[in-house]
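The values are calculated or read from the model by the stated rules, or taken from the named source; none is laboratory data. For clarity, every value in this text was computed on a predicted model and none was experimentally measured. No Cβ is skipped: glycine too gets one built from the backbone with ideal geometry, and neighbour counts run over all protein chains shown.
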Amino acid sequence: MKEAVLFLEPKGTIMEVVRVAHERGYYVAAITCDPTILETLSSPYDSARSCINETIEIKSWEDKDRIFAIIERIHAVNPVKGVYFGLDATAVLGTEIRRKFGLPSPSREAMENIIDKHVLRSKLRERGLSNLKSFHGSEVDGWTEWPNIGAVYFKPVRGAFSLYVKRCENLEELKQAKTVWQKAADPAPAYIRQYLNSKKEYHVEEAFDGELLSVEGISFKGEFQCIGLTSRILYSKDPTVEMGSCFPYPHSLASQIIDQVKKAHMALGFTDGPSHTEVIVNSEGKVEIIDFNPRFIGDDVLQSINNAYGIRIEEVLLDWTVGQIPRFSPKRSLFSCIQYVLPPDALTFQCMDFPEAPEVKFHTVFPKPGARITAADRQIDYLGCYVTVMPSFKSAIERSRELRSFVKINGMMEGRY
């Protein structure tokens, strides 16, 4: 009889945590509402599919009774030792399941407050950790004139991958953003659509202009441990779309930023688990927390962290998963720049070539040959990415930019950045 580790909606780099669980001899069970995610994994994550002992499909993460029945069945044969989730859509239920098995976790209430973007802003403001005004959609619907706060951002109360986030400076722009969100016309995977619609509300938040970055951390029984800061590369045509990052980011205000993020963890009751906190620092050195994600950083940044520090951060994540103290110990100090590539336009994808250079330590392609690409300007439209590793933050970014022209789509086309 093997002890089991449950993975809720595993995708992308979560598969590296799956791989470690398999290496340690656990029975690996995956629960998913969108099995196509596992079927369409890119390299190297696809090679970890064989590490999953059992995959169970569900209709929705709102179907709590069925999910707990599945878990009880697994537990009866393979006692549940750990539970891992890496998506906001599974955060509340994942926390409940962890608490059921005595694993260190925040409360359900704390997790619900964090994933609700309007409540999150209200809680931060109440604790003196934010000065940004925000307005729930029920109030905004009654606006007849623009408030005296300048630009705002339209945001779904439950958001994912910056979908439907829009900067607005007048009532007409706000109306357009709301219409696009209400129609939900953008194609997206089932797990994203379900999550966005699980609480069909929106809010608008006062804009705060400056530099976007994030703090990656992991908490255990109330102790926050900073893994590092991550810079941002933003899409030249839309700054709400992230196109890459550099890790770790030696920001001049790092200690101030980390201190504010630590305080936010305490104020929000986020006592346990990996977290990805987005902040903006303005020209005056003021720091605002823009979003708090109760999960490990997404996309392929795990690869950046591993290449910069010479570690397998997935080992640390699995330690937390099974209730052990997550011990984080970098082995080296390099800098990784990850660059994503958007298609130049709608196209039928065939192949993607990356630069052959010793400093490119990782690259991957997302769509399969023959896939029809119809959208080209969202984070979920990436064709692939590459990671450039150098001895300094500046050189990593500069070399990554130099290599953009060597990335070719279908043999001849350049991507958008």
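Can you say whether I373 is in contact with a strand residue (DSSP E or B) (Cβ under 9 Å, 6 or more places away or on another chain) and within 19 Å of V241 (Cβ to Cβ), as far as the supplied structure shows?
Yes; evaluated as a whole, the condition is true for this residue.
Residue by residue through segment 348-383, note down the ones that are within 18 Å of N306 (Cβ to Cβ) and touching a residue at least 12 places away in the same chain (Cβ under 8 Å).
Matches in segment 348-383: E359, V360, K361, F362, H363, T364.
Name the residue that is farthest from N113 (Cα to Cα), counting only residues in segment 148-157 that are surrounded by fewer than 19 Cβ atoms within 10 Å (Cβ to Cβ) and touching a residue at least 12 places away in the same chain (Cβ under 8 Å).
Going through the qualifying residues, I end up with G150.
When only residues in segment 375-395 that are modelled with pLDDT of 95 or more and assigned to a helix (DSSP H, G or I) count, which is surrounded by the fewest Cβ atoms within 10 Å (Cβ to Cβ)?
By that ranking, first place goes to K394.
When segment 341-374 is examined, which residues are found to be assigned to a loop (DSSP other than H, G, I, E, B) and either over 26 Å from L38 (Cβ atoms) or touching a Cys at 6+ places or on another chain (Cβ under 8 Å) (or both)?
Once the filter is applied, which keeps residues that are assigned to a loop (DSSP other than H, G, I, E, B) and either over 26 Å from L38 (Cβ atoms) or touching a Cys at 6+ places or on another chain (Cβ under 8 Å) (or both), segment 341-374 yields P344, D345, A346, P355, E356, A357, P358, E359, P369.
Out of the residues in segment 304-327 that are surrounded by fewer than 19 Cβ atoms within 10 Å (Cβ to Cβ) and either hydrophobic (A, V, I, L, M, F, W, C) or modelled with pLDDT under 95 (or both), state the one that is nearest to A376 (Cα to Cα).
Across segment 304-327, the extreme among qualifying residues is I311.
From L174, L213, L268, L234, grab the single residue that is among the hydrophobic types (A, V, I, L, M, F, W, C), in contact with a Ser or Thr (Cβ under 9 Å, 6 or more places away or on another chain) and at pLDDT 95 or above.
Within the list L174, L213, L268, L234, the selection yields L213.
What's the number of the only condition in (1) touching a residue at least 60 places away in the same chain (Cβ under 8 Å); (2) within 20 Å of K11 (Cβ to Cβ); (3) surrounded by fewer than 20 Cβ atoms within 10 Å (Cβ to Cβ) that I70 fails to meet?
Evaluating I70 over (1) touching a residue at least 60 places away in the same chain (Cβ under 8 Å); (2) within 20 Å of K11 (Cβ to Cβ); (3) surrounded by fewer than 20 Cβ atoms within 10 Å (Cβ to Cβ) leaves (1) as the failure.
Looking only at residues in segment 250-291 that are over 28 Å from D116 (Cβ atoms) and touching a residue at least 60 places away in the same chain (Cβ under 8 Å), which one is surrounded by the most Cβ atoms within 10 Å (Cβ to Cβ)?
Only one residue tops the list, namely P250.
With G94, G82 as the choices, which residue is crowded, with 16+ Cβ neighbours inside 10 Å, assigned to a helix (DSSP H, G or I) and not β-branched (V, I, T)?
G94
Which of the residues spanning segment 213-232 are surrounded by fewer than 19 Cβ atoms within 10 Å (Cβ to Cβ) and within 14 Å of V301 (Cβ to Cβ)?
Within segment 213-232, R232 is the sole residue that qualifies.
Which condition number in (1) touching a strand residue (DSSP E or B) at 6+ places or on another chain (Cβ under 7 Å); (2) farther than 18 Å from K64 by Cβ; (3) assigned to a helix (DSSP H, G or I) is the one that Y153 fails?
Exception for Y153: condition (3).
Regarding L196, is this residue buried (at least 19 other Cβ atoms within 10 Å of the Cβ) and aliphatic (A, V, I, L, M)? Break it down stepwise before answering.
Numbers: buried (at least 19 other Cβ atoms within 10 Å of the Cβ): yes; aliphatic (A, V, I, L, M): yes.
Yes; evaluated as a whole, the condition is true for this residue.
If you check E216, E242, which single one turns out to be of a type outside the set (S, T, Y), in contact (Cβ under 8 Å) with a residue 60 or more places away in the chain, in contact with a His (Cβ under 9 Å, 6 or more places away or on another chain) and not assigned by TED's automatic domain parsing to the domain that holds F85?
E216
For T144, only one of the following conditions fails: (1) exposed (fewer than 13 other Cβ atoms within 10 Å of the Cβ); (2) in contact with a strand residue (DSSP E or B) (Cβ under 6 Å, 6 or more places away or on another chain); (3) among the hydroxyl-bearing types (S, T, Y). What is its number?
Here T144 meets the rest and fails (2).
Are any residues in segment 348-374 out of contact with any Leu (no Cβ under 9 Å at 6 or more places or on another chain), within 17 Å of R416 (Cα to Cα) and either among the charged types (D, E, K, R) or buried (at least 16 other Cβ atoms within 10 Å of the Cβ) (or both), and if so, which ones?
Those that are out of contact with any Leu (no Cβ under 9 Å at 6 or more places or on another chain), within 17 Å of R416 (Cα to Cα) and either among the charged types (D, E, K, R) or buried (at least 16 other Cβ atoms within 10 Å of the Cβ) (or both): D353, H363, T364.
Would you mind finding the one in I37, I67 that is under 18 Å from the mean Cα position of the chain (by Cα), β-branched (V, I, T) and over 21 Å from E315 (Cα atoms)?
On the way: I67 fails: under 18 Å from the mean Cα position of the chain (by Cα).
That would be I37, the only listed residue that is under 18 Å from the mean Cα position of the chain (by Cα), β-branched (V, I, T) and over 21 Å from E315 (Cα atoms).
Scan segment 12-55 residue by residue and report those that are part of a loop (DSSP other than H, G, I, E, B) and either without any contact (Cβ under 8 Å) to a residue 60 or more places away in the chain or surrounded by 21 or more Cβ atoms within 10 Å (Cβ to Cβ) (or both). Before you say what the answer is, go through the steps one by one.
Here is the first cut: in segment 12-55, the ones part of a loop (DSSP other than H, G, I, E, B) are 12-13, 24-26, 33-35, 40-44, 52-53.
Correct list: T13, G25, Y26, C33, P35, L41, I52, N53.
Name the residues in segment 184-199 that are free of Cβ contacts under 8 Å to residues at least 60 places away in the same chain and either under 20 Å from K11 (Cα atoms) or in contact with a strand residue (DSSP E or B) (Cβ under 8 Å, 6 or more places away or on another chain) (or both), would you?
First, pick out the residues of segment 184-199 that are free of Cβ contacts under 8 Å to residues at least 60 places away in the same chain: 184-185, 193, 196-197.
Listed by number, the residues that qualify are R193, L196.
If I go through segment 335-347 residue by residue, how many of them are surrounded by fewer than 19 Cβ atoms within 10 Å (Cβ to Cβ) and in contact (Cβ under 8 Å) with a residue 60 or more places away in the chain? Reasoning before the result, please.
Looking only at segment 335-347, we keep the residues that are surrounded by fewer than 19 Cβ atoms within 10 Å (Cβ to Cβ), and these are 344-347.
Filter once more, so that each one left must be in contact (Cβ under 8 Å) with a residue 60 or more places away in the chain: 344, 347.
Summing the residues that are surrounded by fewer than 19 Cβ atoms within 10 Å (Cβ to Cβ) and in contact (Cβ under 8 Å) with a residue 60 or more places away in the chain in segment 335-347 gives 2.
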